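Novice: Have a look at this one.
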Amino acid sequence: MPLLAIETTCDETAAAVVTRSREVLASVVASQEQLHARWRGVVPEIASRAHVERIIPVVDEAIRRSGVARSDIEAVAVAVRPGLVGSLLVGLTAAKAIAAVLRVPIVGYDHIAAHLYACRLAHGESLPYPFVGLVASGGHTSLFHVRSPLDLERLGGTIDDAAGEAFDKAASLLGLPYPGGPEIERIAREGNPRAHRLPRPLVADRDRLDLSFSGLKTALRYLVRPPGAPADTPHPVGQARADLAASFQQAVVDCILAKLELAIDRTGCRAIAIGGGVAANACLREAVEAFGRRRSLGVFVPPLSLCTDNAAMGAIAWERLERGEDDGLRLDVTPGTDRSRRPR
Ligand code: KG4
Ligand code: ZN
């Protein structure tokens with residue numbers, strides 16, 4: 001019998017039906033990209049309101065596509081941290097209502113741990129624990145020592161912007177639409193990654209597993225519009241834009257790779273798994289795979305549909321349900337970012 005998973009941490013309204021054997025019977029994602037595009041970033045209040053409108057149709061659609069009867073749903077899982085408080089509360093409220101009506105257990109799960117569990121869904125038992133996990137998306141960029149699906153130690157991560165946020169800002173500076181990551185990747189294919197010498201903040205610091213992207217973003221801004229240039233300076237176009245995009249993308253990938261390498265050295269893990277929207281980036285995937293080959297490490301990357309936010313990764317809730325856990329209707333959300341989780 002399957003579980004119904006619900007995900008509303010940020011700007012995707014998602015529901016999935018997943019069996020105990022981790023088979024995804026249905027996964028529905030309603031993206032709000034178009035609602036936030038004109039603001040070039042997620043507007044929390046718009047996100048909450050859109051979740052309210054969409055959550056019931058999205059859940060209904062997931063159940064319909066799965067082919068299971070409502071009465072066959074064995075449990076409800078919901079992402080309860082981290083995320084935007086209004087968005088999280090919509091998912092939680094829907095999950096509680098459904099669990100109460102169906103009289104089934106409800107368990108909350110961690111969205112970040114779920115991003116890494118997406119690798120488990122995609123690769124099954126071949127994903128070996130422990131591994132070094134990288135979650136990079138619009139809201140988070142962190143490295144973890146993952147000992148088991150529910151036992152993650154945060155080793156470090158960004159001290160300012162998330163990698164996806166940096167991609168989104170860079171795209172905006174280059175006159176490209178939101179979300180910026182896929183746009184930068186597309187434009188960068190025609191560009192020279194060595195055209196501009198952009199900084200690699202904290203890379204030389206071998207004592208810390210921290211990352212920083214805000215200085216890189218500022219450096220790009222000054223290349224696009226030097227200090228003193230008028231505010232209406234036109235966006236770069238053509239080859240100039242492609243070179244800027246490629247140089248920026250390469251700098252982000254170099255920063256992430258340097259810290260992944262350090263995390264492998266520190267933990268002695270023999271495998272790397274990556275998740276989050278930025279894990280969809282081909283340049284990053286290729287760099288991590290090449291590093292894995294150099295060091296004979298296993299590299300595990302989920303398919304694109306499991307990289308960006310989705311509810312299928314809520315299958316991680318089975319790890320708690322199998323222990324007989326049930327959070328009950330007192331379950332609450334923990335908003336914020338994954339940075340709130342202090343490195344140990
Ligand atoms: O995981 P996700 O869907 O949502 C969050 O939890 O944030 O990630 C969205 C982020 C956006 O910032 C988007 O620009 C970035 O992931 N992204 C990419 C790519 N696809 C999505 N960044 C770089 N390259 C991509 N191909
Ligand atoms: Zn996410």
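Here, each number is a calculation from the coordinates, and none is a lab measurement. Keep in mind that what you see is a predicted model, and the values were worked out from it rather than measured. Here the Cβ is made from the backbone with ideal geometry for all residues, glycine too, and neighbour counts use every protein chain on show.
Novice: At 0.36 nm per residue, and after removing the present C-alpha to C-alpha distance, how many nm does the segment from E322 to T233 gain when stretched out fully?
Specialist: Working: separation 89, 0.36 × 89 = 32.04 nm, distance 5.83 nm.
Net length gain for the segment: 26.2 nm.
Novice: Taking 7 Å along the Cα-to-C-beta vector as the label spot, tell me the R266-E190 distance in nanometres, rounded to one decimal.
Specialist: Taking the two extended label points, one gets 4.1 nm.
Novice: Non-local amide H neighbours of V107 (under 5 Å, H modeled in plane, Pro and chain starts lacking H): which ones?
Specialist: V76, A77, V78, D327
Novice: Can you compute the modelled spin-label distance between D207 and Q34, with each label point 7 Å from Cα toward Cβ, in nm?
Specialist: 5.2 nm
Novice: Right, another one. Report, to two decimal places, the Cα Rg of the chain normalised by 2.2 N^0.38 Å (N = number of residues).
Specialist: Values: Rg = 20.2 Å, N = 344, 2.2 N^0.38 = 20.2 Å.
Against the empirical 2.2 N^0.38 Å value, I get 1.00 for the chain.
Novice: Points 7 angstrom from Cα along the Cβ direction at S296 and R103: gap in nanometres?
Specialist: 5.8 nm
Novice: I've got another one for you. List the residues, sorted by chain then number, that are 5 or more residues from L25 or on another chain and whose placed amide H is less than 5 Å from its amide H.
Specialist: V17, V18, T19
Novice: Taking a point 7 angstrom from the Cα of D60 along the C-beta vector, which residues in the stretch 21-37 have backbone N less than 16 Å away?
Specialist: 28-30
Novice: Would you please put 325-336, 242-253, 266-277 in order of how densely packed they are, using the mean number of other Cβ atoms within 10 angstrom per residue and starting with the highest?
Specialist: Numbers: 325-336: 14.7, 242-253: 24.0, 266-277: 22.0.
The densest-packed peptide leads the list: 242-253, 266-277, 325-336.
Novice: Using only Cα atoms, find the angle between the long axis of helix 163-173 and the longest principal axis of the chain, and express it within 0 to 90 degrees, rounded to the nearest 10.
Specialist: That helix lies at roughly 50 degrees to the long axis.
Novice: Continuing with this model, one more query. Only Lys, Arg, Asp and Glu count, each charged at its Cβ (+1, +1, -1, -1), so figure out the dipole size of the stretch 126-305 about its Cα centre, rounded to 20 debye.
Specialist: Details: 21 positive and 19 negative charges, 77 e Å.
The dipole of the stretch 126-305 has a size of about 360 debye.
Novice: Could you pull out which residues in the stretch 94-109 have an amide N less than 17 Å from a spot 7 Å beyond the Cα of M1, following the Cα-Cβ vector?
Specialist: Answer for this model: 98-107.
Novice: Step through the residues of the stretch 100-105 one at a time and calculate ³J(HN,Hα) from phi using the Karplus curve (6.51 cos²θ - 1.76 cosθ + 1.60, θ = phi - 60°), rounding each to whole Hz and writing x for Gly and Pro.
Specialist: 5, 5, 7, 6, 10, x
Novice: L329 to A69: FRET efficiency via 1/(1 + (r/R0)^6), r the Cβ-Cβ distance, R0 22 Å, to the nearest 0.05?
Specialist: Numbers: r = 23 Å, r/R0 = 1.06.
Working from the Cβ atoms, E equals 0.40.
Novice: Assuming a viscosity of 1.306 mPa s and a temperature of 10 °C, what translational diffusion coefficient in µm² per second does Stokes-Einstein assign to the stretch 126-305, Rh being the Kirkwood radius over Cα pairs? Mind showing how you got there, number by number?
Specialist: Values: Rh = 16.6 Å.
Result for D is 96 µm²/s.
Novice: Turning to a different aspect of this structure: May I ask for the angle, rounded to the nearest 10°, between helix 238-267 and the longest principal axis of the chain, with both axes built from Cα atoms and the value confined to 0 to 90°?
Specialist: Orientation of helix 238-267: about 60 degrees from the principal axis.
Novice: If you don't mind, another one. I'd like the per residue volume of the convex hull spanned by the Cα atoms of the stretch 126-229, given in cubic angstrom.
Specialist: Details: hull volume 15.2 nm³, N = 104.
Taking the convex hull of the Cα positions in the stretch 126-229, it is 146 Å³ per residue.
Novice: Rounded to the nearest 10 degrees, what's the angle between the helix 282-295 long axis and the longest principal axis of the chain, both from Cα atoms, 0 to 90?
Specialist: The two axes meet at around 90 degrees.
Novice: Continuing with the same structure: Taking a quarter of the surface of the convex hull around the Cα atoms of the stretch 23-123, what do you get in nm²?
Specialist: Working: hull surface 28.1 nm².
That works out to 7.0 nm².
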